[in-house]
Amino acid sequence: MMKRLGTYLLAALVVVLAVAGCQRRPLLDPNFTTELKVTINTRSLRNVTCDIYNPNIPLPKVEPEMLRVLFYEPGKSKIVGESYISSLSTDADGNRVISGRVGVLPGDYEMVVYNFDLRSAQIRNDHSHSTIEAYSDPVSELLSSRFNTRVGQRLDIRYQPDHVLVATNPKEHIPWHDEMHTIYAEASSVVESFYLQVKVEGLQWVSSAQAVISGVAGSNLIGGRKRVDNPETAVYLTLVKSEDDGKAVLCNVFNTFGRIEDSNNELWISFDINTVDGRTETREYNITHLFESDLCRQHNWLLLDQTIVIDPPTTPPTAGGGFLPEMEDWQEEHHWVIL
């Protein structure tokens, strides 16, 4: 009897302690709930949303759909919070806004946000705010060998990066809060877009064309939005046919982490042009003066004064090509099929 009474008393004591030590809370505790709203700023992105020189060619679209969010312990190589946000909306000014909830406790952090849906740009050394870096991969050895023609200098040729949109704050403070705490940030690109154009006589004989531009940066330390100028790299791009004021041109918009200011090396462009009859025409020009021109500084336009002349084919051109695909007429054929 006494043992049973002791059991009842112990159970009652546990219930009392449980009631006193617990309180009803929602499943998602608002004390630790933080929302991040990032406005995507592409308003002043030259040759993408403004300063369009040639509206007749395809322009790159910068419409991110997912952001990666990193919180670092200040001054240390340690990620203490990582989230991915993808809720899309539009603000009153028509800007794209990406938002979502991030799992991080109140405190002081170094924060980096960038668009996760990258294709040609890569991210490395993301273990700290000071080392996280956006870069692009080198082209294949076969492609590189086609452009490394200048004696005594081998170019580090890389694919052009797509736009890396970054929001960063080395002193992000998240206070203790009872209601939802919201972080507001704005992301803009660490990549620049340039327009390149050269006049061509005999453009009808061109099947495809590519170019390489030297003297550009190879990466960007996105935590501090700092361009990395060493080592110097070159960017590879394909060209399209168009016209400017009635004159035939090869042109395109290309992306780079930026021109290296005050570089001791001259800037060169190398063209590799394929013709409809199987020839390969190469041209090289010094374009240092173009990068220093007002057209480039104000609009990122590189308009070459030279004219490339492509001679007519000496042999009948083959069907097809990079610019002018062709198809022969259909011919009927009749055959017996044994089943």
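If you filter segment 75-125 down to residues that are of a type in the set (D, E, K, R) and assigned to a loop (DSSP other than H, G, I, E, B), you find that the one that is most open to solvent (accessible area, probe 1.4 Å) is Arg119. Within segment 170-197, if we keep just the residues that are hydrophobic (A, V, I, L, M, F, W, C) and surrounded by fewer than 19 Cβ atoms within 10 Å (Cβ to Cβ), the residue that is farthest from Arg101 (Cα to Cα) turns out to be Trp176.
From the list Leu290, Leu237, the lone residue that is at pLDDT 85 or above and in contact with a helix residue (DSSP H, G or I) (Cβ under 8 Å, 6 or more places away or on another chain) is Leu290. Aliphatic (A, V, I, L, M) and either open to solvent by 10 Å² or more (accessible area, probe 1.4 Å) or within 17 Å of the chain's Cα centre (by Cα) (or both) - does that describe any residue in segment 261-268? No: segment 261-268 contains no residue that is aliphatic (A, V, I, L, M) and either open to solvent by 10 Å² or more (accessible area, probe 1.4 Å) or within 17 Å of the chain's Cα centre (by Cα) (or both). The set of residues in segment 33-51 that are assigned to a strand (DSSP E or B) and under 30 Å from Pro175 (Cβ atoms) comprises Thr34, Glu35, Leu36, Lys37, Val38, Thr39, Ile40.
Right, Leu155: part of a loop (DSSP other than H, G, I, E, B), farther than 18 Å from Asn41 by Cβ and touching a residue at least 24 places away in the same chain (Cβ under 8 Å) or not?
Values: part of a loop (DSSP other than H, G, I, E, B): yes; farther than 18 Å from Asn41 by Cβ: yes; touching a residue at least 24 places away in the same chain (Cβ under 8 Å): yes.
Considered against the rule, which asks whether it is part of a loop (DSSP other than H, G, I, E, B), farther than 18 Å from Asn41 by Cβ and touching a residue at least 24 places away in the same chain (Cβ under 8 Å), Leu155 comes out as yes.
Against the list (1) under 30 Å from Ile213 (Cα atoms); (2) part of a loop (DSSP other than H, G, I, E, B); (3) open to solvent by less than 30 Å² (accessible area, probe 1.4 Å); (4) among the small types (Gly, Ala, Ser), the condition Ser130 fails is (3).
Yes/no per residue for (1) in a strand (DSSP E or B); (2) of a type outside the set (A, V, I, L, M):
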| residue | (1), (2) |
| --- | --- |
| Asn230 | no, yes |
| Ala248 | yes, no |
| Val253 | yes, no |
| Glu261 | no, yes |
| Asp277 | no, yes |
| Leu295 | no, no |
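Can you tell me which of Leu339, Leu324 is open to solvent by less than 80 Å² (accessible area, probe 1.4 Å), farther than 30 Å from Gly258 by Cβ and modelled with pLDDT under 95? Only one candidate qualifies: Leu324.
Just for segment 30-53: of the residues that are in contact with a Pro (Cβ under 9 Å, 6 or more places away or on another chain) and surrounded by fewer than 16 Cβ atoms within 10 Å (Cβ to Cβ), which one is modelled with the highest pLDDT? Filtering first and then ranking leaves Phe32.
If you check Val166, Val212, Val200, Val235, which single one turns out to be assigned to a strand (DSSP E or B), in contact (Cβ under 8 Å) with a residue 40 or more places away in the chain, open to solvent by less than 20 Å² (accessible area, probe 1.4 Å) and over 28 Å from Glu63 (Cα atoms)?
Values: Val166 fails: over 28 Å from Glu63 (Cα atoms); Val212 fails: over 28 Å from Glu63 (Cα atoms); Val235 fails: over 28 Å from Glu63 (Cα atoms).
Going through Val166, Val212, Val200, Val235 in turn, just one is assigned to a strand (DSSP E or B), in contact (Cβ under 8 Å) with a residue 40 or more places away in the chain, open to solvent by less than 20 Å² (accessible area, probe 1.4 Å) and over 28 Å from Glu63 (Cα atoms): Val200.
Candidates in segment 293-321 are the residues that are hydroxyl-bearing (Ser, Thr, Tyr) and open to solvent by less than 70 Å² (accessible area, probe 1.4 Å); of these, the one that is modelled with the highest pLDDT is Thr307.
Among the residues making up segment 171-197, a single one is part of a loop (DSSP other than H, G, I, E, B) and of a type in the set (Phe, Trp, Tyr): Trp176.
The single residue among Thr275, Thr256, Thr280 that is of a type in the set (Val, Ile, Thr) and surrounded by fewer than 16 Cβ atoms within 10 Å (Cβ to Cβ) turns out to be Thr280.
The values are calculated or read from the model by the stated rules, or taken from the named source; none is laboratory data. As the structure is a computational prediction, the values presented were derived from the model and not from experiment. We place every Cβ from the backbone using ideal geometry, glycine too, and count neighbours over all the protein chains shown. Quick note on the areas: whole protein, heavy atoms, side chains included, nothing else; ligands and nucleic acids left out. Shrake-Rupley method; radii C 1.70, N 1.55, O 1.52, S 1.80 Å.
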